[in-house]
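The values are calculated or read from the model by the stated rules, or taken from the named source; none is laboratory data. From a predicted model like this one, the values you see are computed outputs, not experimental measurements. With ideal geometry, Cβ positions are generated from the backbone for all residues, glycine too; neighbour counts draw on all protein chains shown.
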Amino acid sequence: MMNICHRCGLYRADKLIDPKGPFAVCPECGYKHLFRQLPLFVVSGASGTGKTTILQKLLGRLDEFVLLDSDILWRAEFNNPEDNYRSFFEIWLRVAKNIAQSGRPVMLFGAGAGVPANIEPCVERRYFSRVHYLALTCEEEVLRRRLVARPEWRGTHAEEFIRAQVEFNDWFKQSADREDDRIELLDTTHDPVETTAAAVAAWAKKLATVLAFEC
């Protein structure tokens, strides 16, 4: 486990980062641990914009990355909006950081992961060279239709839930346009799943190629 110092044995997630290695430096004893500081790729968007569908379409076809759905670790005790779900995202960054040590970056699919304010303040964020955010969006009418068409057990039929997702969808559009240029947008309204999946793959591969060239 990377958070345990190989010399003094203490657990510290808040290691200092020396970019020359890069090294994770133990704040207690100063031991420098060489590690891979890879980027993290986040595919986000409101419920109904196509995250899970695109993830399933790309599995087995995008071997340069490790694709994961953030929902697989969700538990009720993580539902703390007052601190931007900090524990949940710290755990995900820790998982992604350790996976990256095998040489492949993680592409994480999840709604809240696409909000930079949820990710950037995390202690574990320092272990990634960059975080790239891609938000799937769609027109409101299409979003509503998709949510209503889902099986009832998913709980997406209630107007309160639908309205919240419409607002979240609009937030991504407004943030990318006016506030946060880190978030790229991909509209899924009209394109077939295959086309959208290819666009997500192209987005990630292009960024990975640019980063490799810069290094």
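Can you tell me which of (1) in contact with a strand residue (DSSP E or B) (Cβ under 8 Å, 6 or more places away or on another chain); (2) of a type outside the set (S, T, N, Q); (3) modelled with pLDDT under 95 is the one Leu186 doesn't meet?
(3)
Are there strands (runs of 3 or more DSSP E) fully within region 1-120 with at least 2 residues that are within 30 Å of Ala164 (Cβ to Cβ) and in contact (Cβ under 8 Å) with a residue 24 or more places away in the chain? List them.
Numbers: elements: 16-18, 23-25, 32-34, 40-45, 66-69, 106-109.
Filter on region 1-120 gives 40-45, 66-69, 106-109.
Only residues that are in a loop (DSSP other than H, G, I, E, B) and in contact with a helix residue (DSSP H, G or I) (Cβ under 9 Å, 6 or more places away or on another chain): list them for region 140-161, please.
Hits for region 140-161 are Gly155, Thr156, His157.
Looking for something under 14 Å from the mean Cα position of the chain (by Cα) and among the aliphatic types (A, V, I, L, M) - is there at least one such residue anywhere in region 58-65?
Checked region 58-65: no residue is under 14 Å from the mean Cα position of the chain (by Cα) and among the aliphatic types (A, V, I, L, M).
If you check Val43 against the conditions, is it surrounded by 16 or more Cβ atoms within 10 Å (Cβ to Cβ), assigned by TED's automatic domain parsing to the domain that holds Arg150 and modelled with pLDDT of 95 or more?
Working: surrounded by 16 or more Cβ atoms within 10 Å (Cβ to Cβ): yes; assigned by TED's automatic domain parsing to the domain that holds Arg150: yes; modelled with pLDDT of 95 or more: yes.
Criteria met by Val43.
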